[in-house]
Amino acid sequence: MRKTLKSAHRYLKRAGAISAALSAAATVAAQSTAAPLAKPQVHIVATGGTIASTNYYSANVGKIGVAALLAAVPAIDSIASITGRQFSNVASGAITTDMWLRLSRDISDTLRARPGLAGVVVTHGTDTMEETAYFLDLTVADPRPVIVTGAMRPSDGIGIDGPANLYNSVRVAADPGSRGRGAMVLLNDEIFAGRDVTKMNTVRPDAFGAPYRGALGVADPERIVWHRPPFRQPLFDLTGVRELPRVDIAYAYAGADGAAIDAFVAAGAKGIVVAGVGRGGTTPGIDAAIRRAMQNGVVVVVGSRTGSGGVAVGEGAGRESGSPGTVGAGDLPVQKARVLLTLALLKSTDSRDVARVFAAHQ
Ligand code: SIN
């Protein structure tokens, strides 16, 4: 057993090392033979995460590349013609707003350059997957699907979920019923809208859910089942956008003062999302800091730390103080509200306009 694991590690290490070369070769191969292929074409963009890790629960975490990810799922070749690209190989906690911009452009450029592509699969760490998926949902205009997937168990673990998630993601990306649904997340056979999905458990393979709106569909063994017709929310155009405005999240709790909000403003935040108590409530200290922030032109969105339920979007709604000018997050969790506020601030820094954007995304 020890020997088997050791040789598996050796293989994964080797595969990781040659991944970049293989992925480049795969890209060239697919492009030069695109026309005669009968199978749907799916492009994989690998960013890292547990799906691409080895020795995960040790101090010596290793990484594997896109070629090794694909090598673990030989059956993938029977459903699609695959190309792959290594975008990054990081834990998703290291994904930045700058990387969101580049990833979105990268995917849009690839879709534009390859009209024969059925869809794109992004492999990603699960911790911030929901934020990247929502950003892509709001910014990749092409009607072809972007499926974001990952794994709760490392590539050399027992009973691993990564290969099944990758296989099913390719099936969904190749499915004609995926068109017009934007960016989705697939784990544990379930398909979720990028907007609605959230990680709800730290370790279980069924960690993902959409508590307020439910799953979009499932990848059953025989076919992809869709529960709802395709739908997309208003999009944001990133043309000419060089960087995204800083938006921070401040957490409310009994006795919290406004120090975090003041610090975010001092650090250059253009927007702040407050994870409010209950239905978007705050504390006297946070309330005072929100007023100071707004006097400095910072747009403040108030959501809830409860994990489900909404904070009415209308200005000032949901705040016990009733002070005007804050925007309710609706049913978006605060980390999703941050994504939407970041993009909304590209259009306007007036909280009334931002409230209209949030209303349009409920
Ligand atoms: C990460 O988000 O990169 C680590 C956790 C995971 O991928 O499951």
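Only the coordinates and a few stated rules stand behind these numbers; no lab work does. Bear in mind that the values here come from a model prediction, so they are computed numbers and not experimental data. Using ideal geometry, Cβ is built from the backbone for each residue, glycine included, and neighbour counts are taken over all protein chains shown.
Of all the residues in segment 133-165, those that are of a type in the set (D, E, K, R), touching a Ser or Thr at 6+ places or on another chain (Cβ under 7 Å) and free of Cβ contacts under 8 Å to residues at least 40 places away in the same chain number 1. Residue 125 meets the conditions (1) part of a loop (DSSP other than H, G, I, E, B); (2) farther than 23 Å from residue 202 by Cα in every case but one. The failed one is (2).
Kindly indicate whether residue 87 is within 15 Å of the ligand (Cβ to nearest atom) and either out of contact with any Cys (no Cβ under 8 Å at 6 or more places or on another chain) or within 18 Å of residue 176 (Cα to Cα) (or both). When the stated conditions are applied, residue 87 passes them. Within segment 41-68, can you find the residues that are in a helix (DSSP H, G or I) and within 13 Å of the ligand (Cβ to nearest atom)? Within segment 41-68, 50, 51, 52 qualify. From the list 93, 177, the one residue that fits, being surrounded by fewer than 18 Cβ atoms within 10 Å (Cβ to Cβ), within 15 Å of the ligand (Cβ to nearest atom) and of a type in the set (Gly, Ala, Ser), is 93. Within segment 345-354, the set of residues being under 16 Å from residue 293 (Cβ atoms) and in a helix (DSSP H, G or I) comprises 351, 354. Return a yes/no flag: does segment 189-202 have any residue that is out of contact with any Lys or Arg (no Cβ under 8 Å at 6 or more places or on another chain), surrounded by fewer than 18 Cβ atoms within 10 Å (Cβ to Cβ), assigned to a loop (DSSP other than H, G, I, E, B) and aliphatic (A, V, I, L, M). Yes: one or more hits.
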